[in-house]
Each structure stands twice: as structure tokens, then as C-alpha cells.
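Where a number appears in this text, it was derived from the coordinates with a stated rule and is not lab data. Nothing here was measured: the structure is a model prediction, and the numbers come from that model. Glycine gets a Cβ as well: all are built from the backbone with ideal geometry, and neighbour counts include every protein chain shown.
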Ligand SMILES: Cc1cc2nc3c(=O)[nH]c(=O)nc-3n(C[C@H](O)[C@H](O)[C@H](O)COP(=O)(O)OP(=O)(O)OC[C@H]3O[C@@H](n4cnc5c(N)ncnc54)[C@H](O)[C@@H]3O)c2cc1C
Ligand SMILES: Nc1ncnc2c1ncn2[C@@H]1O[C@H](COP(=O)(O)O)[C@@H](O)[C@H]1O
């Protein structure tokens with residue numbers, strides 16, 4: 001079974017969020033990049049587990065620049081066999097997805113896995129766009145994925161519950177919590193990652209459909225009003241008459 | 001120019017659906033609603049009050065298969081010549097809108113929190129820690145609206161409901177089983193949420209949280225470690241790696257307020273924090289704070305809520 005896992009980078013969750021160039025650009029100063037948690041913990045680890053159970057290979061793919069190679073090596077250290085980097089700035093979800101689907105279409109994967117969303121732009125767009133680009137079924141927000149021969153069984157979120165579904169490979173799946181347990185790379189993995197293939201390929205000619213024009217930060221929260229723990233009537237009164245939420 | 005709004009009508013007209021239609025109306029063009037499933041035509045015609053001039057419904061499709069829904073929305077969009085398609089940013093939109101974006105080559109903005117200014121739409125970025133303004137470059141747009149970002153506005157009158165064939169094709173995904181906890185308010189739609197963390201010490205202590213939630217008519221939520229240890233079901237986990245919510249009121253008891261937790265709740269209108277530790281970081285994000293033991297404060301709060309409800 002050939003598995004492709006889409007990896008993006010995201011700022012470490014504790015990064016300070018600030019903007020430069022008149023609020024037009026994210027300020028990368030001092031920001032540590034990590035593998036987007038959904039991609040690493042859920043998509044990649046489940047891909048590796050399926051390979052371990054059924055044989056085959058796990059390739060990771062990212063649309064990004066050479067600066068992202070450190071993040072790619074980390075994903076290789078966790079256990080992927082090879083990496084592909086499409087050499088371009090990931091300008092918008094459409095651009096990224098069309099690059100990946102072009103590559104995936106010509107390389108015959110049985111399974112394309114992504115994370116649920118990137119934690120910086122929170123778009124949840126790329127996976128569905130890849131599926132449309134490849135004309136494949138798409139199962140979004142899966143919390144379980146098992147493969148039996150060429151049939152996949154998945155558990156996926158629906159409004160207010162979960163659904164168990166079945167689909168024939170090849171498919172595209174976006175992975176959410178529950179899919180797998182985080183794996184910490186060990187020394188051997190880190191050493192091996194240094195020599196695993198990282199193929200850099202040029203980007204295809206693709207338009208972008210959207211662009212981030214500017215950013216802003218939320219207004220600072222007004223001072224928190226402290227309430228006497230003995231006096232919950234006061235809290236209820238405030239929630240009712242001042243905040244008007246109950 | 002015309003706007004098409006897809007809504008999920010299987011469980012009646014959810015507030016998020018009314019928000020999406022209201023949003024469509026605010027864009028200024030004629031609004032058609034497209035839906036599928038078995039909802040009563042008399043119910044669907046009420047969407048006219050929120051600004052729809054017509055509802056198109058395909059009875060042959062259930063709201064499960066993203067490819068089928070993509071097909072039927074595409075058919076409806078072609079038939080009314082839609083230049084903008086609006087979704088509520090729910091699980092179905094997350095699967096359908098990206099497919100349509102590629103098929104129609106229409107710029108997609110997901111999780112919009114305001115009405116566009118020109119071609120620019122405001123969204124949350126960095127897990128709610130900042131806002132971004134996204135510009136759509138082409139003349140076709142798809143916008144999915146984050147629930148609870150605008151209020152439904154009624155005012156018009158009922159509209160016509162038309163059955164149509166959306167050429168949805170055969171489902172490629174087979175549904176084997178649906179598991180839905182009965183009677184619970186789905187967390188992303190809840191306007192009031194009572195949440196608790198590791199400070200509650202064990203699953204046996206959640207009774208008081210459920211009681212308070214019942215008095216308020218609220219949904220319950222929890223921090224990640226609580227779901228990870230199995231004290232509470234996974235679908236209650238809010239935060240960066242769980243569900244992101246933006247209720248009107250979020251009450252957090254025994255939760256420290258780690259940044260990854262805040263990422264999922266900082267869109268809440270009002271936050272109440274109950275914690276024994278005056279230094280807990282959550283107080284910095286709170287509107288109202290109670291420094292105290294949840295085991296005493298929560299039952300007391302519940303009594304006060306019941307008193308208010310009884311007097312109204
Ligand atoms: C990449 C990443 C992603 C993460 N994603 C999430 C996420 O999505 N959601 C999430 O919640 N966490 C997430 N976490 C974990 C997060 O960092 C915190 O560890 C977690 O939120 C802490 O949970 P807690 O507040 O329940 O527990 P604790 O941090 O243990 O806090 C318990 C709190 O209860 C208080 N307390 C104790 N006794 C009482 C009492 N009797 N009455 C009142 N208060 C009391 C304490 O003072 C303390 O503040 C993530 C972490 C990482 C690294
Ligand atoms: N630049 C990228 N390169 C490769 N995969 C990506 C990239 N951006 C996003 N993805 C994948 O698409 C998923 C959803 O991203 P998004 O649509 O931005 O929320 C991520 O979890 C990744 O798996």
C-alpha cells in the first residue's frame with residue numbers, strides 16, 4: 001500500500017503572535033516552527049501504523065521552501081520513508097492542493113492523509129481540494145481508519161455524533177484526534193532521517209484564488225471582574241443584567 | 001449576480017442555518033437556498049423570513065456524502081447563476097466547500113466572522129489569537145460562516161419551495177452506522193457551555209457540572225487531559241486539538257487556561273473562570289472570575305441560577 005501524508009509547518013503553539021509591514025505579514029521573528037500537530041500526531045502516525053500492519057510505504061509531501069527542510073526531517077525521524085518538497089511558497093489552499101494533487105495523480109497512491117487543519121490558518125481546505133483535484137472520495141475529520149484489502153472503514157465526525165463509513169481505496173482522508181497516539185522520535189530515527197531521500201521538485205503552474213491582505217489582533221480583554229465565591233447571586237445578576245448572556 | 005446558500009435541514013432549521021441565510025441576504029443579491037433530505041416544505045418556506053426568495057430541495061439525497069452534496073450545490077449554482085455560495089462552517093461545509101472551490105474555481109474563505117467589505121472577508125487565524133482579512137481575487141466566491149458570528153434576522157415573508165433534481169450521482173461512501181448521543185446539545189452550536197478540567201479530581205465529580213448545565217440549558221465541555229484520561233467523552237474536548245467553540249457564555253471550572261485550551265474558547269463572548277489558584281492564567285482571559293473551590297462554588301452558582309430562572 002502506498003500512502004502519502006501531507007505535512008505542513010505551523011508556529012509552535014506557544015509562539016507570540018505579532019505582525020509586521022503595517023500588519024500585512026506574520027512576524028516570524030523568534031518563531032519556532034513545528035510539524036502541524038494534526039499532521040504529525042494523527043495523519044503521519046496512522047500512516048506508519050498502517051504500513052507496519054499491511055506493508056507498503058509512507059511518503060510525506062510538503063509545499064514549501066528550503067527553510068522547511070528541518071520540519072520535514074522531523075517527520076522523517078518519526079518514520080516516513082521519503083519526503084517530497086514542492087519548491088514554492090504555500091500561498092493559498094488552492095495553490096497548495098493543486099500542487100499536491102498533480103503530484104499524487106501521477107504517482108499512484110492508495111491513500112492520501114492530511115491533518116484536520118493547520119493551526120495557523122485553520123482553513124480545513126487543502127484536503128477536500130486535493131480530493132476534488134484527484135476526483136476521489138474524501139472523508140473529512142476521521143477519528144479512526146482501518147484498511148482491509150482495498151476497503152477502508154472509518155469513523156468520522158458528524159454534527160453532534162460520529163458515523164462509521166466504508167469506502168473503496170483510493171481515498172483522501174483528513175485526520176482528527178483519536179486516529180493515533182503521538183510518537184516521539186528516537187535517536188535511531190533522527191539519525192536515519194538524515195540520509196532518507198528528500199526530493200525537491202519544481203512547482204506546477206497554478207493560480208491562487210485568495211490572499212491574506214492584512215491582520216489584526218483582538219482588543220485587549222477588559223479587566224476581569226472578581227466575584228466573592230460566597231456570593232453567586234451577584235455573578236448570576238451580572239450575567240443576566242450586565243453581560244445579558246443568561 | 002445571485003447568492004446561493006446551502007443549509008443542512010435534516011434536524012429542522014438550526015440557528016446556524018438561519019445565520020447563513022441572513023448572511024446571504026446581507027451580501028445584497030437575490031438569495032436562493034439549496035438543501036436536501038426530508039424536511040417539511042412548510043418548514044423550509046420559513047427561510048423566506050430570513051431573506052431567501054426561493055428554496056430548492058433534492059429529496060433523493062441525505063446530507064452524508066460530500067461528493068453528492070457538492071454535485072447538487074453545483075447544479076443549483078449553475079441553474080440560478082450564483083456568483084457567491086454561502087455555507088455555515090460546519091462539518092459538511094468543511095468537506096463540500098473545498099471541493100466546490102476547485103470545481104468552480106471560486107476563491108474559498110472558510111470560517112468568516114463578518115460580512116465582506118468588497119472582496120475582503122474577515123476570519124479567525126492562529127487559533128483565534130488574531131484576525132486576518134482574506135481577499136478573493138476572482139469573481140466567484142465561496143464563504144463559510146463561523147456559527148455564532150452574526151444573529152439571524154427575520155423580517156421577510158415565507159418563500160416558495162421547489163423540488164429539484166441535483167444530479168447528485170451515487171454515493172461513494174457507504175454509511176454503516178450513526179452514533180448520536182440523544183438529546184444533547186451539539187457543542188459547536190451551544191450558546192452556553194459549562195466546562196471543567198483536571199481540577200475536578202475525577203469523573204465521579206461531574207454531576208455538579210451536569211446539574212449546572214441542565215439549569216442553564218447549556219452543553220458540557222472539558223479540557224484535553226480530562227478527555228485523554230477518559231473522565232469525559234472525546235467529543236467534549238475543547239481547544240487547539242479539540243473542538244473550537246464560540247458560545248455566548250463559557251464557564252470554566254478547575255481549568256488552568258493553558259494557551260492550547262484558550263485557542264478553542266477565546267471566541268466566547270463572556271468567560272467565567274472558577275479556580276482555587278488566583279494565579280491561574282485563565283483569569284487573564286476571563287470577564288468574570290471567582291477564586292474559590294469549584295466543589296463549593298458550582299453548587300452555589302447552580303442554586304443562584306435556579307433562583308433566577310424561577311423568578312423569570
Ligand atoms: C500541542 C498541544 C495541544 C494541546 N491541545 C489542547 C487542547 O486542545 N485543549 C486543552 O484543554 N489542552 C490542550 N493541551 C494541553 C494544555 O497545554 C494543558 O495541559 C491542559 O489544558 C491542562 O488541563 P487542565 O487545565 O484541565 O489541567 P491543569 O493544568 O492540571 O489545571 C487544573 C486547574 O484546576 C485548578 N483547581 C484544582 N483544584 C480545584 C478546585 N477544587 N476548584 C477549582 N479549581 C481547582 C488548579 O488551580 C489548576 O489551575 C495541549 C497541549 C499541547 C502541547
Ligand atoms: N503547505 C502545505 N504542504 C503540504 N500539506 C499541507 C500544506 N498546507 C496544508 N497542508 C495539509 O492540509 C491540511 C489542512 O490544511 P488547511 O486547509 O490549511 O487547514 C494540513 O493539516 C496538512 O495536512
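If you count, for each residue, the other Cβ atoms within 10 Å and average over each peptide, how do A:74-84, A:148-158 line up from highest to lowest?
Details: A:74-84: 21.0, A:148-158: 17.4.
Per-residue mean Cβ counts within 10 Å order the peptides as A:74-84, A:148-158.
Provide the FRET efficiency to the nearest 0.05 for the residue A:182-residue A:106 pair, computing r from the beta carbons and using R0 = 30 Å.
On the way: r = 32 Å, r/R0 = 1.07.
With a Förster radius of 30 Å, E is 0.40.
Using just the alpha carbons, could you tell me how many Å³ per residue the convex hull of the range B:163-229 encloses?
For the range B:163-229, the hull spanned by Cα atoms encloses 178 Å³ per residue.
For chain A, take the longest principal axis of its alpha carbons; what is the angle in degrees between that and the long axis of helix A:45-54, to the nearest 10 within 0 to 90?
Long axis of A:45-54 versus the principal axis of chain A: about 30 degrees.
Using only Cα atoms and rounding to the nearest 10 degrees, what angle (0 to 90) does helix B:207-216 make with the longest principal axis of chain B?
Helix B:207-216 and the main axis of chain B meet at about 50 degrees.
Take every Cα-Cα pair in the range A:7-116 and report what % of them are more than 20 Å apart.
44 percent
I'm checking a number: the convex hull volume of the Cα atoms of the range B:2-163, normalised per residue, in Å³. What is it?
On the way: hull volume 16.2 nm³, N = 162.
Roughly 100 Å³ of hull volume per residue.
With r as the distance between the Cβ atoms of residue B:198 and residue A:217 and R0 = 35 Å, compute the FRET efficiency 1/(1 + (r/R0)^6) and round to 0.05.
0.75
Sorted by average packing, counted as other Cβ atoms within 10 angstrom per residue and highest first, what order do B:190-198, A:106-114, A:40-48 take?
A:40-48, B:190-198, A:106-114
So what are the three principal axis dimensions of chain B from its Cα atoms, in whole Å, longest to shortest?
Each principal axis gives a Cα extent; for chain B these are 60, 41, 38 Å.
Any idea how far the Cα center of the range A:27-58 sits from the one of the range A:231-246, in Å?
45 Å
On average over all directions, what projected area in square nanometres does the range B:187-311 have, based on the convex hull of its Cα atoms?
With the hull built on Cα positions only, its mean projection is 6.7 nm².
Neighbour counts of other C-beta atoms within 10 Å: give me A:179, A:129, B:208, A:187 arranged from fewest to most.
A:187, B:208, A:179, A:129
Report, as an integer, the average count of C-beta atoms from other chains found within 10 Å of each Cβ along B:297-308.
The per-residue average across the peptide is 4.
Would you order A:240, B:234 from fewest to most other beta-carbon atoms within 10 Å of each residue's own beta-carbon? Intermediate values should be presented prior to the final figure.
Numbers: A:240 15, B:234 18.
Neighbour counts put them in this order, fewest first: A:240, B:234.
Could you tell me what fraction of 2.2 N^0.38 Å the Cα radius of gyration of the range B:77-177 comes to, as a two-decimal ratio?
Expressed relative to 2.2 N^0.38 Å, the Cα Rg reads 1.24.
For peptide B:288-294, how many partner chain Cβ atoms fall within 10 Å of a residue's Cβ, on average?
Numbers: counts 10, 6, 10, 4, 5, 1, 1.
If you average over the peptide's residues, the count of other-chain Cβ atoms is 5.
Taking only the C-alpha atoms, wrap a convex hull around chain A and report its volume per residue in Å³ as a whole number. Display every interim value, and only then the final one.
On the way: hull volume 46.8 nm³, N = 246.
Cα convex hull per residue, to the nearest whole number: 190 Å³.
Taking other Cβ within 10 Å of each residue's Cβ, how do B:311, B:88, A:211, A:59 sort, fewest first? The partial results should precede the final answer.
Details: B:311 7, B:88 26, A:211 14, A:59 20.
Result, fewest neighbours first: B:311, A:211, A:59, B:88.
May I ask you to derive the relative contact order of chain B, considering only C-alpha pairs under 8 Å and at least 6 residues apart, and to give it as an integer percent?
Working: 675 pairs, mean separation 45.9, N = 312.
This gives 15 percent for chain B.
Kirkwood Rh, Cα Rg: Rg to Rh for the range A:68-168?
A ratio of 0.97.
Between the range B:260-312 and the range A:64-90, what is the C-alpha centre distance in whole Å?
So the two Cα centres are separated by 43 Å.
For chain B, modelled as a Gaussian network with Cα springs under 10 Å, which listed residue fluctuates most, B:51, B:37, B:166?
B:37
Using a 10 Å cut-off on Cβ atoms, rank the peptides A:21-33, B:134-146 from the highest mean neighbour count down. Don't skip to the end; give the middle numbers.
On the way: A:21-33: 12.8, B:134-146: 22.1.
Listed from highest to lowest mean packing, they are B:134-146, A:21-33.
Let me confirm one metric for peptide B:237-245, namely the mean number of other chain beta-carbon atoms within 10 Å of its residues' beta-carbons.
Numbers: counts 2, 0, 1, 5, 9, 2, 3, 2, 0.
So the per-residue partner count for this stretch is 3.
Using just the Cα positions, wrap the protein assembly as shown in a convex hull and report its mean projected area in square nanometres, one decimal place.
So the mean shadow area of the Cα hull is 25.4 nm².
Hey, what angle do you get for helix B:91-104 against the long axis of chain B, alpha-carbon based, 0 to 90 degrees rounded to 10?
30 degrees
If contacts are Cα pairs under 8 angstrom and at least 6 residues apart, what is the relative contact order of the range B:36-139 in percent? Don't skip to the answer; put the middle values down first.
Details: 100 pairs, mean separation 16.7, N = 104.
Taking the mean separation of contacting Cα pairs over the length of the range B:36-139, I get 16 percent.
Mind giving me the FRET efficiency for residue A:191 and residue B:174? R0 is 35 Å, r the Cβ-Cβ distance, nearest 0.05 is fine.
With R0 = 35 Å, the Cβ-Cβ based efficiency is 0.20.
Just for the Cα atoms in the range B:242-312, what are the lengths along the principal axes, largest first, rounded to whole Å?
38, 25, 19
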